[in-house]
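The values are calculated or read from the model by the stated rules, or taken from the named source; none is laboratory data. From a predicted model like this one, the values you see are computed outputs, not experimental measurements. So basically every Cβ, Gly included, is an ideal-geometry build from the backbone, and we count neighbours across all protein chains shown. These accessible areas exclude ligands, DNA and RNA; they are computed on the full protein's heavy atoms, side chains included. Shrake-Rupley method; radii C 1.70, N 1.55, O 1.52, S 1.80 Å.
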2 protein chains.
Amino acid sequence: MSLPSSVGIVAAKTAHFTEPLSLKSGDVLSQYHLVYETYGKLNADKSNAVMICHALSGNHHVAGKYDEADKNPGWWDNLIGPGKPLDTNKFFVIGLNNLGGCHGSSGPLSTNPATDKPWGASFPVVTVEDWVNSQARLADSLGIKQLAAIVGGSLGGMQALQWTIAYPERVRNALVIASAPNLTAQNIAFNEVARQAIITDPEFHGGDYYNHGVLPRRGLRIARMLGHITYLSDDAMGAKFGRKLRDGHVKYGFDVDFEMESYLRYQGDKFAGEFDANTYLRMTRALDYFDPAFDYQGDLSAALAKVKSDFLVVSFTSDWRFSPGRSREIVKALLDNELSVSYAEVTAAHGHDAFLMPDEHYHNIMRQYLAKIEV
Amino acid sequence: MSLPSSVGIVAAKTAHFTEPLSLKSGDVLSQYHLVYETYGKLNADKSNAVMICHALSGNHHVAGKYDEADKNPGWWDNLIGPGKPLDTNKFFVIGLNNLGGCHGSSGPLSTNPATDKPWGASFPVVTVEDWVNSQARLADSLGIKQLAAIVGGSLGGMQALQWTIAYPERVRNALVIASAPNLTAQNIAFNEVARQAIITDPEFHGGDYYNHGVLPRRGLRIARMLGHITYLSDDAMGAKFGRKLRDGHVKYGFDVDFEMESYLRYQGDKFAGEFDANTYLRMTRALDYFDPAFDYQGDLSAALAKVKSDFLVVSFTSDWRFSPGRSREIVKALLDNELSVSYAEVTAAHGHDAFLMPDEHYHNIMRQYLAKIEV
């Protein structure tokens, strides 16, 4: 057995769809495109496909590099590759950028074919359900009738769960990592503060800032700084930064005194220079709105009555954004339906971000579950 | 015994100080004033004085009303009054607005006597230590050599602790409620996001917005919305708001869908219309900077070696901003110094805000401790 390695140099592809897509909001996208990447080879009977659903700020570039000099491999490169837990010697892996995204798929940044201008504020508010429907069409376009597995962390885990609800015959396994069956009031509250920071930025211009030659960077920066607090645990922050002072003493002002501040500003600045604010708004709304039990008077077990997939559900002890208790709600509802469920609560210090980390225990759990899948 | 009642109609007073106050930053306030209120009567030997230290957005109006029609009594009116846990039949209670505040004491909003203009950005960054020194002078001005008790919650609790360090002979009892010996990295992070929201508001103008006829309301609103998330527990938010929809259905946009959003916007708007952004910056910095163990290589027990007061330390189980563990750090350091300490960890659902609530168990603990104090 060779050592785990990278999927190597990859390139994004684009799939165009001309059959209108009806959205949960009532809006219709008459045409759209999805940018995606694939790793590994689709086998003859097309039974080895695994789709990766991304979280709030993720995209289609899940593994590999764009060229030899590329220093930033895909966001889940530690998990996916030849010999890695999600082994591309066995599986054909698909990553995509969701509708409403800002990395190449149809979204606020892309051109509205009806006007030949950026969609901007007029791009619809998309939901987890809409994403899953568009992902199923992407699978269709690749000739894939059934996924060996759907995999996602955080908001991606919600998409994985929704696949099993919307397309019970089309997905044999669902790996739902660091996720929840819906957001708590506190989760919604954090999203709302982030959105208000963006929307009240004077350079937001109702979402049509592209036409004004400006970007609501201030608001997006605040949103990202706040996000980072919730991705890390209190303990992880304490261990990494604590009360460490950048210059050994405080300066009695409002510039950076603490390392913690420096880290947050750096993360906020970086993100505000890369990500689209309109996409951020839509990703947080998709999180807020996902609630499969809503139409069942809050009964998640009833909402999952038609699900057929097998499940691996993973949570992390220090994740206070999507706490283990929320994963256990999913597990209970699946067990109520007598489904096959493996559940792991991984002891991890990193908080919500743990799902992206190469923790050995976590990766072994993923590896073992995926190894059992027949293709 | 008559039923607990209000201290009645109260009026604020102002104390002027002309002896220069040296600040921890190295700055000097050549003169300043403090606005304060008192409830009850100072006894003949001036042994019954209790000073109340306010938290981030608090002020001198701790109890009573300004007129019969006043619908908003002081912020700790449920605790203080004739027959209440802090009984004004027994104690002479003093509340003040701290230096740097925006409710009448010298601060960014007040006039700098050297320029006859608002201090604005030039008002110094004040610390908990500075506040306590100014509070001691206020006690001097009232002829009070020793306080029967110093009382504070949250940032107010830090001041109470600092009194016992700086003036061990001048305070017989300290009531330190929902507080901490310093902020964690996560606490600092939340403060930093709030400050950055204010400072990057285009109407902040480096803190001299008064001269521009504008206010950085957007930033202050975001800061307050974020603050409110941290004052409540996840469970309390869940119980109060959960995923309740304002209109029974979502609207696929970014206006208010959830009751939680409506609450946060209301709180943010209200605060942004009332509070001064420069004061908010200074209050959060005072929180960040307080760390009595800093000069003792992190050894809190050593930092408290000269303390003589008796203590009541109270924490609340659902307070994740200043968790019970932080109060226990204080208790341990006090016990290391063989001081008399009562500690209560109150089961409460409200999170950090619990210290302001009229919880019966909590108030009984306060009542019993205060009843034992001889005056």
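Here is a yes/no grid of residues against (1) in contact with a Phe, Trp or Tyr (Cβ under 7 Å, 6 or more places away or on another chain); (2) closer than 22 Å to B:ALA174 by Cα; (3) in a loop (DSSP other than H, G, I, E, B):
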{"residue": "B:SER5", "(1), (2), (3)": "no, no, yes"}
{"residue": "B:ALA15", "(1), (2), (3)": "yes, no, no"}
{"residue": "B:LYS46", "(1), (2), (3)": "no, yes, yes"}
{"residue": "B:VAL50", "(1), (2), (3)": "yes, yes, no"}
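Counting only helices (runs of 4 or more DSSP H) wholly contained in the stretch B:262-375, the ones carrying 2 or more residues that are closer than 28 Å to B:ILE199 by Cα occupy B:277-289. For the stretch B:39-57, a residue qualifies if it is surrounded by 23 or more Cβ atoms within 10 Å (Cβ to Cβ) and either closer than 10 Å to B:GLY95 by Cα or charged (D, E, K, R) (or both), and the qualifying residues are B:TYR39, B:VAL50, B:MET51, B:ILE52, B:CYS53, B:HIS54.
Step by step: first the residues of the stretch B:222-249, then only those that are part of a helix (DSSP H, G or I), more than 7 Å from chain A (Cβ to nearest Cβ) and open to solvent by less than 50 Å² (accessible area, probe 1.4 Å), then the one that is farthest from A:THR200 (Cα to Cα). Which residue is that? This residue is B:ALA236. Taking every residue in the stretch B:273-300 that is free of Cβ contacts under 8 Å to residues at least 60 places away in the same chain and pairing it with any residue that is surrounded by fewer than 21 Cβ atoms within 10 Å (Cβ to Cβ), at least 6 positions away or on another chain, the pairs with Cβ-Cβ distances below 7 Å are B:TYR296/B:ALA302; B:ASP299/B:ALA293.
Under the condition of being within 10 Å of chain B (Cβ to nearest Cβ), part of a loop (DSSP other than H, G, I, E, B) and not charged (D, E, K, R), the residues counted in the stretch A:166-218 number 5.
Considering (1) at positive phi; (2) surrounded by 22 or more Cβ atoms within 10 Å (Cβ to Cβ), the lone condition that A:HIS352 does not fulfil carries the number (1). Summed over the stretch A:1-40, the residues that are out of contact with any strand residue (DSSP E or B) (no Cβ under 7 Å at 6 or more places or on another chain) and small (Gly, Ala, Ser) give a count of 6. Each residue in the stretch B:138-169 was checked for being among the hydroxyl-bearing types (Ser, Thr, Tyr) and open to solvent by less than 30 Å² (accessible area, probe 1.4 Å), and 2 of them qualify. Per the conditions (1) free of Cβ contacts under 8 Å to residues at least 60 places away in the same chain; (2) open to solvent by 40 Å² or more (accessible area, probe 1.4 Å); (3) more than 7 Å from chain A (Cβ to nearest Cβ), the sole criterion not satisfied by B:TYR252 is (3).
Right, A:ARG172: among the basic types (Lys, Arg), open to solvent by 10 Å² or more (accessible area, probe 1.4 Å), over 30 Å from B:ILE198 (Cα atoms) and out of contact with any Cys (no Cβ under 7 Å at 6 or more places or on another chain) or not?
yes
Being in a loop (DSSP other than H, G, I, E, B), in contact with a His (Cβ under 9 Å, 6 or more places away or on another chain), more than 20 Å from B:GLN31 (Cβ to Cβ) and basic (Lys, Arg) is a property that holds for B:LYS84. Criterion applied to A:LYS332, A:LYS308 was being within 28 Å of A:LYS145 (Cβ to Cβ) and surrounded by fewer than 19 Cβ atoms within 10 Å (Cβ to Cβ), and the one residue passing it is A:LYS308. Of the residues making up the stretch A:109-143, those that are more than 18 Å from the chain's Cα centre (by Cα), in a loop (DSSP other than H, G, I, E, B) and not hydroxyl-bearing (Ser, Thr, Tyr) are A:LEU109, A:PRO113, A:ALA114, A:ASP116, A:TRP119, A:PHE123, A:PRO124, A:LEU142, A:GLY143. In the stretch A:17-40, which residues are part of a loop (DSSP other than H, G, I, E, B) and of a type outside the set (S, T, N, Q)? If the condition is that a residue be part of a loop (DSSP other than H, G, I, E, B) and of a type outside the set (S, T, N, Q), then A:GLU19, A:PRO20, A:LEU23, A:LYS24, A:GLY26, A:ASP27, A:GLY40 are the ones that fit.
State yes or no: is B:ALA277 of a type in the set (Gly, Ala, Ser) and open to solvent by 50 Å² or more (accessible area, probe 1.4 Å)? Spelling it out, it is not the case that B:ALA277 is of a type in the set (Gly, Ala, Ser) and open to solvent by 50 Å² or more (accessible area, probe 1.4 Å).
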